[in-house]
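Everything on this sheet refers to the single structure shown next.
The values are calculated or read from the model by the stated rules, or taken from the named source; none is laboratory data. Just so you know, these numbers come straight off a predicted model, no measurement behind them. As a convention, Cβ positions derive from the backbone with ideal geometry for all residues, glycine included, and neighbour counts pool all protein chains shown.
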Amino acid sequence: MTEETYIALIQKDIRELSLIAEGLNETGFPTPTVIRLASDKAVDIVNNLQRLSEYKQQREATIAEEEERKRQQLIAEEEQRRIAEEKERKRQQLIAEEEQRRIAEEEERKRQQLIAEEEQRRIAEEEERKRQQLIAEEEQRRITEEEERKRQQLIAEEEQRRIAEEEEKKRQQLIAEEEQRRIAEEEERKRQQIIAEQEKQKQTPHSTSSHTQKTLIDRTEIRPTKTESVIGTRETKVERIISQNKKALADRMANTKIESLRKAISMGDRFRFQRELFDNNAETMNAAIDSIDACSDIYAAEDFINDHFDWDPENETVRDFLILLSRRF
């Protein structure tokens, strides 16, 4: 910007600051907004004054440099003129002293001069040819190195992708194997439970069975969470979302139990959770997941979430995280 532009900006900010000051006569005590606006205008004035000062200093330095350059140029031209005059004086002196000898040697001198000029031209052409050759070789080498770098980069990216796919395949395989083992254990447990109940029904009268069942129900207690800000009842946030999204939960591996929340989160979900739930802070997300993994049950995990985060239970990403959390406990 020019000096006139800076001055116009300063005058504009001063006029606006004056209007703000005149407005105080009407409004009385200044509001925080007026104070902030006046402060901003004052800061703008100071900044523009500093920029104007720097601009003037820079312009003065540029003018000084330009004057020095012109002075040096004049000195150089004067020196060249003096050298030229000195050479001309000596030449004229030699001409006067050697006029007769010059006539005899003029043809020889011209011939030698032509030979020297031809040699200089040949040397210059040879040096230019070598320079062009070096430039071409350097360009070829640069192109080759660039192509090799791109090739190595593609190889590295392909290797990283292959490793990531291999790890994901192994993880999915382990999850499938764990799911098969869990289903088999669950079926075996249910089968043993049915056998035990049948044996118990054979050995115990019906009234005693009813009494025992009532006692178990009486002893069942739903543990409330610390905070009721998000939940509002004894039902946990996770249980509420699971009950509202049974089909989505079934699509997510039929509510398979997981041993570690950190290991169960896929790469895509990791970036999504980090961006939308943890303010794009990887350290905060990793610390929270470690704390949740260390909880004794789902109630403790939910207490931790309620104490440290203010999530909207209707948010799809929150739902996905809590559904995944439900498989941990």
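Within the group Q213, Q198, Q193, Q152, which residue is at pLDDT 85 or above and not assigned by TED's automatic domain parsing to the domain that holds E302?
None of the others qualify; the one that does is Q152.
Count, please, the residues in the range 255-270 that happen to be under 18 Å from the mean Cα position of the chain (by Cα) and either assigned to a loop (DSSP other than H, G, I, E, B) or surrounded by fewer than 14 Cβ atoms within 10 Å (Cβ to Cβ) (or both).
Looking only at that region, the number is 2.
When the residues of the range 4-22 are filtered to those that are over 12 Å from S39 (Cα atoms), at pLDDT 80 or above and charged (D, E, K, R), which remaining residue is surrounded by the fewest Cβ atoms within 10 Å (Cβ to Cβ)?
Going through the qualifying residues, I end up with E4.
Would the range 86-102 turn up any residue that is in contact (Cβ under 8 Å) with a residue 24 or more places away in the chain, in the same structural domain as I10 (by TED's automatic domain parsing) and not polar (S, T, N, Q)?
Here is the first cut: in the range 86-102, the residues in contact (Cβ under 8 Å) with a residue 24 or more places away in the chain are none.
Within the range 86-102, none of the residues are in contact (Cβ under 8 Å) with a residue 24 or more places away in the chain, in the same structural domain as I10 (by TED's automatic domain parsing) and not polar (S, T, N, Q).
Could you identify the single residue in R59, R69 that is assigned by TED's automatic domain parsing to the domain that holds I10, surrounded by 10 or more Cβ atoms within 10 Å (Cβ to Cβ), in a helix (DSSP H, G or I) and in contact (Cβ under 8 Å) with a residue 40 or more places away in the chain?
R59
Please work out which one of (1) buried (at least 18 other Cβ atoms within 10 Å of the Cβ); (2) without any contact (Cβ under 8 Å) to a residue 12 or more places away in the chain is the condition A301 fails and give its number.
(2)
On the given criteria, is L134 without any contact (Cβ under 8 Å) to a residue 24 or more places away in the chain, touching a helix residue (DSSP H, G or I) at 6+ places or on another chain (Cβ under 9 Å), more than 29 Å from I265 (Cβ to Cβ) and in a helix (DSSP H, G or I)?
Values: without any contact (Cβ under 8 Å) to a residue 24 or more places away in the chain: yes; touching a helix residue (DSSP H, G or I) at 6+ places or on another chain (Cβ under 9 Å): no; more than 29 Å from I265 (Cβ to Cβ): yes; in a helix (DSSP H, G or I): yes.
Criteria not met by L134.
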